[in-house]
Amino acid sequence: MYNNEIPKTKQLKEFQWPNGSRCAVALTWHVDAESGIIADNPENMKHLAAVSEARSAITIGVPNVLEELDKQDLKATFFVPGAVADWYPETVKSIHFAGHEIGHHGYMHENVLKISEEEEEKILIKGMKSIENITGEKTKGWAAPFWGVKTSTPALLKKHGFLYDNSLMQDYRPYRLETVHGDLMEIPISLIGDDSQQFLFFPVFGSVMNTAQHAYETWTEEFDGIREMQGLFTLIQHPNVTGRPGKIQMLRKLIAHMKQYDDVWFATGKEIAEYCMKF
Ligand SMILES: [Zn+2]
């Protein structure tokens, strides 16, 4: 059974990034496709323009992002709802076979704050199975759909063998969340690094459409600060957003800015969590 207490957090003792690195960068994509708009309102499946925009994550987003990551020789973490893995196995296989990490992102992109703990556990298991059917491995990381996380969620994740969560915002360095099943590593985020805050312009919700240059400025200044303070920069993207032609060019420029330093560790969420568990 789970309680409603906020999990205790612990800083990592005498923490240092590996091999003299000054900071870490986790490039993440949330491959929501149609699950996001269905979770928002099942009626949206009748909205062909909204469906087509959501599906562009699969038709153009993921292929463009994979091509760019290949050119950059970088590995990323793709958080995939179980339904998306069931609908588009070839796409999810293409991500997995390119060597990227597949993380858990609900089954139908559920906000767990709106469902019972029993339902949350069922969904967690269902999503895990869908991903495992493709990768043959248990997924180790979870990112919360709609940033919905219950106080009991970290314990549930740990109970099911997860190593880390990638949804909380208490620090810009990884930290431990104490649960009754042991510590879960928090690979923190900030909404500053979320492309939804820059470009959320789905036909059914959202109306933010900054220029790519605005996002570039926001993200480079955040990265520069985090590098100075030896933290972690998590970039949260959606393939239907940053897989667009203009955004791919901006992403290339952003990565070039980060790569000008030889002390930046680009890593997947799983690699970072495994490393941090030593502290
Ligand atoms: Zn999502």
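Side notes on the structure shown:
- Near pairs, Cβ below 6 angstrom, 6+ apart or cross-chain, from segment 210-224 (in contact (Cβ under 8 Å) with a residue 24 or more places away in the chain and of a type in the set (Gly, Ala, Ser)) to any residue that is surrounded by 13 or more Cβ atoms within 10 Å (Cβ to Cβ) and part of a helix (DSSP H, G or I): Ala212/Lys247; Ala212/Met250; Ala215/Gln198
- Index of the failed condition, Asn240 passing every other in (1) over 19 Å from Gly36 (Cα atoms); (2) surrounded by 23 or more Cβ atoms within 10 Å (Cβ to Cβ): (1)
- Some residue of segment 256-271 being surrounded by 13 or more Cβ atoms within 10 Å (Cβ to Cβ), modelled with pLDDT of 95 or more and of a type in the set (Asp, Glu): yes
- Complete set of residues in segment 164-182 that are assigned to a strand (DSSP E or B), of a type outside the set (Phe, Trp, Tyr) and either crowded, with 21+ Cβ neighbours inside 10 Å or touching a strand residue (DSSP E or B) at 6+ places or on another chain (Cβ under 6 Å) (or both): Asp165, Arg176, Leu177
- Identity of the residue in segment 91-106, away from the ligand (no atom under 15 Å from the Cβ) and outside any helix (DSSP H, G or I), that ends up nearest to Lys159 (Cα to Cα): Glu101
- Lys253 being more than 19 Å from the chain's Cα centre (by Cα), under 29 Å from Ser52 (Cβ atoms) and at pLDDT 95 or above: yes
- Residue within segment 194-216 that is within 22 Å of Gly103 (Cα to Cα) and in contact with a strand residue (DSSP E or B) (Cβ under 6 Å, 6 or more places away or on another chain) present: yes
- Asn44 vs. criteria out of contact with any strand residue (DSSP E or B) (no Cβ under 9 Å at 6 or more places or on another chain), modelled with pLDDT of 95 or more and closer than 24 Å to Phe201 by Cβ: no
- Counted residues, segment 63-94 - those being buried (at least 20 other Cβ atoms within 10 Å of the Cβ) and farther than 17 Å from Thr28 by Cβ: 3
- Of the candidates Thr59, Thr91, the single residue that is modelled with pLDDT of 95 or more, of a type in the set (S, T, N, Q) and more than 20 Å from Asn133 (Cα to Cα) is Thr59.
- The single condition from (1) surrounded by fewer than 16 Cβ atoms within 10 Å (Cβ to Cβ); (2) not in a helix (DSSP H, G or I) that Met185 fails is (1).
- Scanning segment 110-117 finds no residues that are under 24 Å from Ala24 (Cα atoms) and either surrounded by 22 or more Cβ atoms within 10 Å (Cβ to Cβ) or not aromatic (Phe, Trp, Tyr) (or both).
- The combined condition, being at pLDDT below 95, of a type in the set (A, V, I, L, M, F, W, C) and more than 26 Å from Phe223 (Cα to Cα), is not fulfilled by Ala33.
- Yes/no for Val80 being within 15 Å of the chain's Cα centre (by Cα) and at pLDDT 95 or above: yes
- Within segment 124-145, being assigned to a helix (DSSP H, G or I) and more than 14 Å from the ligand (Cβ to nearest atom) holds for Leu124, Ile125, Lys126, Met128, Lys129, Ser130, Ile131, Glu132, Asn133, Ile134, Thr135.
- Subset tally (residues that are of a type in the set (Asp, Glu) and within 13 Å of the ligand (Cβ to nearest atom)) for segment 107-122: 1
- Residues that are closer than 29 Å to Phe266 by Cβ and either away from the ligand (no atom under 15 Å from the Cβ) or without any contact (Cβ under 8 Å) to a residue 12 or more places away in the chain (or both) do occur in segment 27-39.
- Residue within segment 41-53 that is closer than 26 Å to Glu222 by Cβ and not in a loop (DSSP other than H, G, I, E, B) present: no
The values are calculated or read from the model by the stated rules, or taken from the named source; none is laboratory data. Predicted model only: the values in this text are computed from it and were never measured. Quick reminder, even Gly has a Cβ in these numbers, built from the backbone with ideal geometry, and neighbours come from all protein chains shown.
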